[in-house]
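This report refers to the structure that appears directly beneath it.
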2 protein chains.
Amino acid sequence: MADQILENIQWQEGEISRADRERLIQQKGTTIWFTGLSGSGKSTIAIALEKALYQRNTLSYRLDGDNIRLGINKNLGFSAVDRAENIRRIGEISKLFSDCGAIALSSFISPYRQDRENVRTLHEESGIKFIEVFVDCSLEVAETRDPKGLYKKARDGKIKNFTGIDDPYETPKNPEIHLRTDQLTLEQEIKTIILYLEQQGIIN
Amino acid sequence: MADQILENIQWQEGEISRADRERLIQQKGTTIWFTGLSGSGKSTIAIALEKALYQRNTLSYRLDGDNIRLGINKNLGFSAVDRAENIRRIGEISKLFSDCGAIALSSFISPYRQDRENVRTLHEESGIKFIEVFVDCSLEVAETRDPKGLYKKARDGKIKNFTGIDDPYETPKNPEIHLRTDQLTLEQEIKTIILYLEQQGIIN
């Protein structure tokens, strides 16, 4: 049977391209990049969006601290150089996933504008859509939520260079999507993103 | 319309898993790791396999020097430490792709047994299939092919630590697939791999 199938293969000219893969899985490779303070709601939104996309038969893949900081980036610390390298690598991986045809959902504080711009450029140079989602809530609200108890530790001086406390968060100037998570419900947030993806022809 | 679709979403408990993604794209996430000398035929086989899988509606993604060495690993050289880090990162990325449900096709000389074993362990610890393909041909044949003119440069001393010349290639002890590319046609090689994938239930 394998023989027969292989004899029937119509060999294409050239290599399989991103367009070929997109045709195969009927979607458009894209990176959705969630940036915002710790506790702003990035992961909550990414997890909910992943489900919403799945229900629409769309393949997405989440990149976050769990599978990145403990995996490929486990040899990086939190110095300025390592933080930049952390975001650079995540940007490269996001690009590979979107080049594969999937929707990469990358949620990282990524506090520095230049680092995010570099990732955007990396995508756009290859003709891949990059959607920056500013997951915005006030420091006060994020600190009240403090899901991992990190703000308390930063206030107590047990964590240094913590974004929002003693390290800056540089807000996006022109994000494709701006979500005020202290004013919207999770359902409204997902709705906003899905609508944008539809309008951009990324999903049907 | 977005509203209506979103209201109809049936929220699942928990997060989307690898099994969910595999169900969605109807295949089994796997890493196929091609190892062998420069000129042994790794890339040729990976490119042909990618086409064969595509013809079978199977999503695969090739990781190779073009998209890795010039991308995420562009800050690595060829020292022993950097070579190990190169393979470590590629292993982590392969694992992310197979976790996504795709078939990662990773073709790198990867001359050291320990580096390859680490990548295997990384996959197997997560219950992901890792298929090592030993792309085997004699040094003499590889050197005659010399597609990039690298052996000549190594013999002339213009490249140091070149695998097979002045750096060792440690052959796999128990590769899942062993291809003698100086004895098989490309079609036979692809047939062998496809048959193995079928037997393992990775593709239908």
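The values are calculated or read from the model by the stated rules, or taken from the named source; none is laboratory data. Since this is a predicted model, take the numbers as computed values, not measurements. Cβ sites come from the backbone with ideal geometry, for glycine too, and all protein chains shown count toward neighbours.
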| query | Which of the residues spanning segment A:39-63 are buried (at least 23 other Cβ atoms within 10 Å of the Cβ), among the polar types (S, T, N, Q) and farther than 21 Å from B:Ala104 by Cβ? | reply | A:Ser40
| If we keep just the residues of segment A:46-64 that are of a type in the set (D, E, K, R) and assigned to a loop (DSSP other than H, G, I, E, B), which is farthest from the other protein chains (Cβ to nearest Cβ)? | A:Asp64
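For residues in segment A:20-38 being within 11 Å of chain B (Cβ to nearest Cβ) and among the aliphatic types (A, V, I, L, M), which is surrounded by the fewest Cβ atoms within 10 Å (Cβ to Cβ)? Walk me through how you get there before you give the answer.
Quick first cut of segment A:20-38, residues within 11 Å of chain B (Cβ to nearest Cβ) only: A:20-27, A:29.
Remaining after also requiring among the aliphatic types (A, V, I, L, M): A:24-25.
Values: A:Leu24: 17, A:Ile25: 20.
Only one residue fits best here, namely A:Leu24.
Here are some residues: A:Ile109, A:Ile103, A:Ile93. Which one is more than 23 Å from A:Thr144 (Cα to Cα), among the β-branched types (Val, Ile, Thr), within 14 Å of the chain's Cα centre (by Cα) and more than 10 Å from every other protein chain (Cβ to nearest Cβ)? Steps first, please.
Working: A:Ile109 fails: more than 23 Å from A:Thr144 (Cα to Cα); A:Ile93 fails: more than 10 Å from every other protein chain (Cβ to nearest Cβ).
Every option except A:Ile103 fails the conditions.
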| Selected residue [without any contact (Cβ under 8 Å) to a residue 12 or more places away in the chain and within 24 Å of A:Asn73 (Cα to Cα)] from A:Gly127, A:Gly149 | A:Gly149
| message | Take the conditions closer than 25 Å to B:Ile68 by Cβ, of a type in the set (D, E, K, R) and either in contact with a strand residue (DSSP E or B) (Cβ under 8 Å, 6 or more places away or on another chain) or at pLDDT 95 or above (or both) and apply them to A:Glu125. Does it pass? | response | yes
| request: Could you please give the count of residues in segment A:14-45 that are farther than 30 Å from B:Gln55 by Cβ and in a strand (DSSP E or B)? | output: 4
| Restricting segment B:135-155 to residues that are in a loop (DSSP other than H, G, I, E, B) and either of a type in the set (A, V, I, L, M, F, W, C) or modelled with pLDDT of 95 or more (or both), which is surrounded by the most Cβ atoms within 10 Å (Cβ to Cβ)? | B:Cys137
| message | Between A:Glu170, A:Glu132, A:Glu189, A:Glu176, which is touching a Phe, Trp or Tyr at 6+ places or on another chain (Cβ under 6 Å), of a type in the set (D, E, K, R), touching a residue at least 24 places away in the same chain (Cβ under 8 Å) and surrounded by 15 or more Cβ atoms within 10 Å (Cβ to Cβ)? | response | A:Glu132
| Which one is farthest from the other protein chains (Cβ to nearest Cβ), of the residues in segment A:75-89 that are in a loop (DSSP other than H, G, I, E, B) and more than 21 Å from B:Arg69 (Cβ to Cβ)? | A:Phe78
